[in-house]
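One structure is given below, encoded as structure tokens.
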Amino acid sequence: MSATGSVVASDNDLRLTASGLPAEQLGIFVTSRLQGFIPGPGGSQGSFCLGLPFGRFNGPGQTQTSDATGSFSLETGTQQMPLTPPVAAVAGETWNFQACIATTTRG
């Protein structure tokens, strides 16, 4: 996963990119100011590495589907981080991000 954009928080410029995912899977980005660790339950593709509270980028146009190469990205900003209520990221803060996908099994 990578994040690119301006180093100035007030520029409201942030692009999140996830890669190395299974192809054609539905996914979202999540964020928190805190790191955490919740081991993946049975069948999970990995552990959840954010602390509480966390927010989901699952608003209109934010849910993604990984492409044939296993990547997806989201153009978002720093002014509406999806906590409850939404907050702006400000200079000096650290934000953590994770990509989550919904895997399906066929039997």
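Only the coordinates and a few stated rules stand behind these numbers; no lab work does. Note that this is a predicted model, so its numbers are computed, not measured.
From the Cα gyration tensor of the stretch 2-102, with a ≥ b ≥ c the square roots of its eigenvalues, which class applies: rounded if a/c is under 1.5, or else prolate if a/b is larger than b/c, or else oblate?
oblate
Could you please state, rounded to a whole Å, how far the C-alpha centre of the stretch 8-37 is from the C-alpha centre of the stretch 46-70?
Cα centres, the stretch 8-37 to the stretch 46-70: 6 Å.
What length, rounded to one decimal in nm, is gained on full extension from residue 10 through to residue 63, with 0.36 nm per residue of separation minus their alpha-carbon distance? Walk me through the numbers before you get to the answer.
Working: separation 53, 0.36 × 53 = 19.08 nm, distance 2.44 nm.
Full-extension gain reported as 16.6 nm.
Starting from the amide H of residue 25, placed 1.01 Å from N in the peptide plane, find each other amide H under 5 Å away whose residue is 5 or more places distant or on another chain.
66
Express the relative contact order of the chain as a whole percentage, based on alpha carbon pairs under 8 Å and six or more residues apart in sequence.
36 percent
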